[in-house]
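As structure tokens, the structure follows; a few thoughts come after it.
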Amino acid sequence: MELPRLSEATWRDIVEQRYPPSAIQKYRLDKSCTRRWKELFLRSLASFEHRSDSGCSQSQHMTHYLVLHRTYGLTMNRTSTRDYDPLRVFEELKAQNSLTSYTTVEVSIPSKYCFADVNIKALVTIGKSGSFLRNSVITECLTKMGAWKENESGHSILGPVL
């Protein structure tokens, strides 16, 4: 397949719309790349194709995830993308905070707050409880973004959020 002949500015737009800034920065720092936008795009595609077609884990990708605790604590964690199961991690957090009897809900962050191709979801526990278990930080944050709305039923976000 032959690629179209596009200007450097067009290739730059394609790359910037397709990949998040962190991925672009990684390839921009690679010394073997001559820093042309078309080459950058093709190198990233070749890398993705190689990882999907082979069992090669030389460039093992890590998933970074945040846990926002009820008491204003934030932990940044990292694990292998292949081994990462957010629901399993969240169920463990619920068990550690004695919230296993409460409901788990996935909240999607609106796309206007994300980069292209990035989808952010928050796993939260909801239920009726006193202020001790309530996570007011994430409730306020998600409400401002339009991803959560308090209702008359009295359900609120409890415990840690993944």
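Structure above, values below:
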read-out	value
Qualifying residue in segment 73-87 (condition: modelled with pLDDT of 75 or more, of a type in the set (D, E, K, R), in contact with a strand residue (DSSP E or B) (Cβ under 8 Å, 6 or more places away or on another chain) and closer than 29 Å to SER22 by Cβ)	yes
Segment 60-72 - residue that is at pLDDT below 75 and open to solvent by 90 Å² or more (accessible area, probe 1.4 Å) and, of those, farthest from CYS141 (Cα to Cα)	THR71
Matching residues in segment 88-121 - criterion: being of a type in the set (Ser, Thr, Tyr) and modelled with pLDDT of 80 or more	SER98, THR100, SER101, TYR102, THR103, THR104
Filtered residues of segment 97-112 (kept if under 30 Å from GLN17 (Cβ atoms) and either touching a His at 6+ places or on another chain (Cβ under 8 Å) or of a type in the set (A, V, I, L, M, F, W, C) (or both))	VAL107, ILE109
Test: residue in segment 31-41 that is of a type in the set (Val, Ile, Thr) and at pLDDT 75 or above	no
Any hit, segment 128-144, residues being at pLDDT 80 or above, of a type outside the set (S, T, N, Q) and loosely packed, with under 13 Cβ neighbours inside 10 Å	no
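The values are calculated or read from the model by the stated rules, or taken from the named source; none is laboratory data. The model shown is predicted, which means the values in this text are computed figures rather than measured ones. Ideal geometry is used to build each Cβ from the backbone, glycine not excepted, and the neighbour counts take in all protein chains shown. Note: accessible area is taken over every heavy atom of the protein model, side chains too, but ligands, DNA and RNA are not part of it. Shrake-Rupley method; radii C 1.70, N 1.55, O 1.52, S 1.80 Å.
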